[in-house]
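Structure, as structure tokens:
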Amino acid sequence: MADGNAVTTMTFDDAGAFSKALSKSNVVCMQTSSGILKFGLTIVRLPELELHLTSMPVGACIALGDTAHDSVSFHVGLSVGRSLNLMGTSAGTNCFAAYARGGELAIRAESGARLAYIVPNCKSMPELHELLSKDVGLSKARQSYRGNIEISELVSLKALLDEIAHIIEFSPALLDRRATARNLSQSLLVQTFSVARKQVATSTPVGGSQRSHVQIVTRVHDYLRQCPTEPVYVLDLCRVVGVSQPTLFRAFRQTLGIGPKEYLQIRRLHLSRQRLLQPDHTVSVHDVAYDLGFWHLGRFSRAYRAMFGETPSNTLRRRLRSQRCL
């Protein structure tokens with residue numbers, strides 16, 4: 001790797017911008033905490049895989065969507081404590097999640113969360129793909145495995161990921177040397193396979209014969225993607241997904257730690273922010289609020305400011321100033 005582009009490091013203070021930077025997964029990420037939000041994302045491109053190292057030093061967020069569609073992939077929780085939740089399970093020091101191509105993804109993260117996402121090249125180690133794709137008749141959800149496992153291979157995998165993070169911080173040029181990059185890539189593939197093989201052998205796939213909480217939330221996500229700019233409400237979701245309000249509430253609480261009503265309120269606030277930041281000179285705060293179902297402008301402004309640390313009017317003025325400077 002001599003092109004000098006092995007490592008790309010980015011920082012974000014906006015959940016939507018962070019979502020768009022994820023090159024392998026298709027997720028919608030939304031801020032759930034009030035005020036300041038910070039993300040760190042480092043993408044490492046090695047000869048036979050891509051590695052995403054994500055950190056959240058400040059704030060809290062939720063993410064829903066699909067994993068890589070062209071490859072199996074894996075999440076390794078690197079946090080200490082309970083700052084991270086994967087697929088409805090607290091991602092402590094022993095958390096590992098394995099996904100078939102396009103597997104369902106649900107994450108809740110709070111300040112201090114750290115996460116590694118490993119995406120092998122589809123031609124590298126065909127055993128990995130066979131391991132997670134052997135039951136081709138199963139749904140995506142049943143091909144996602146997650147849980148806390150205590151095995152020595154996971155300790156070794158996390159130690160290797162920590163070494164890579166250390167190289168990125170102090171000697172990133174090493175990753176532009178083909179021999180070094182290939183050695184790290186091979187080591188990461190071998191150790192990931194060792195952990196994945198035990199995970200699949202000892203864990204129950206997400207889903208099963210009955211609809212799981214993660215599947216319900218993912219079906220909600222799929223529906224919301226069909227109406228990306230429209231407000232949606234709890235009864236809409238119950239009708240589309242075909243579950244009762246208590247079942248929907250339990251699914252959201254278990255998977256994301258918040259109720260569906262709160263989730264949809266957060267979504268509407270994020271949609272309003274997207275509208276206010278669009279390069280449209282005709283947009284106004286009250287039009288945005290009314291179009292997204294906020295009938296009380298004062299309450300809308302207070303909720304918006306509590307979430308993003310500024311009023312909707314300030315967001316609009318800031319965007320107009322930046323446009324005039326172009």
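Here are the numbers for this structure:
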{"item": "Ordering of 80-90, 61-71, 11-21 by packing [mean C-beta count within 10 Å, highest first]", "result": "61-71, 80-90, 11-21"}
{"item": "Translational D in µm²/s for segment 19-126 (Stokes-Einstein at 10 °C, 1.306 mPa s, Kirkwood Rh from C-alpha pairs)", "result": "114"}
{"item": "Inter-site label distance for Glu48 and His166 at 7 Å from Cα along Cβ, in nm", "result": "2.4"}
{"item": "Using θ = phi - 60° and Karplus 6.51 cos²θ - 1.76 cosθ + 1.60, couplings along segment 246-261 (whole Hz; Gly, Pro as x)", "result": "x, 5, 4, 4, 4, 4, 5, 4, 5, 8, 10, x, 9, x, x, 5"}
{"item": "Share of Cα-Cα pairs in segment 212-315 lying beyond 22 Å, as whole percent", "result": "36"}
{"item": "Within segment 209-297, chymotrypsin sites (Phe, Trp or Tyr not before Pro) in DSSP loop having at most 10 other beta-carbon neighbours inside 10 Å", "result": "Trp295"}
{"item": "For segment 291-304, 3J(HN,Hα) per residue [Karplus equation, 6.51 cos²θ - 1.76 cosθ + 1.60, θ = phi - 60°, Hz, x = Gly/Pro]", "result": "5, 9, x, 8, 8, 10, 5, x, 5, 4, 4, 5, 5, 5"}
{"item": "Radius of gyration and maximum dimension Dmax of segment 54-105, Cα, Å", "result": "11.5, 32"}
{"item": "Cleavage-rule hits, chymotrypsin sites (Phe, Trp or Tyr not before Pro), segment 55-105, DSSP coil, Cβ neighbours within 10 Å at most 16", "result": "none"}
{"item": "In nm, spacing of pseudo-spin labels at Ile151 and Tyr290 (7 Å Cα→C-beta vector)", "result": "5.9"}
{"item": "Distance (nanometres) between label positions extended 7 Å along Cα→Cβ at Ser33 and Val240", "result": "2.9"}
{"item": "Listed residues Leu157, Leu188, Leu174, most fluctuating in the chain (Gaussian network, C-alpha, under 10 Å)", "result": "Leu174"}
{"item": "Amide hydrogen neighbours beyond the local backbone of Ser73, cut-off 5 Å, H modeled", "result": "Tyr99"}
{"item": "Kirkwood Rh in Å, taken over all unlike Cα pairs in segment 91-133", "result": "12.5"}
{"item": "Euclidean distance of C-alpha centroids, segment 31-82 and segment 280-326, integer Å", "result": "29"}
{"item": "Rg/Rh ratio calculated on Cα atoms of the chain (Kirkwood radius)", "result": "0.99"}
{"item": "In the chain, lysine pairs closer than 16 Å at Cα, eight or more apart or cross-chain", "result": "4"}
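Read-outs throughout are calculated quantities, based only on the coordinates presented, and are distinct from any laboratory measurement. Note that the coordinates shown come from a computational prediction; the quantities given were computed from them, not determined experimentally. Neighbour counts run over all protein chains shown; Cβ positions are idealised from the backbone, glycine included.
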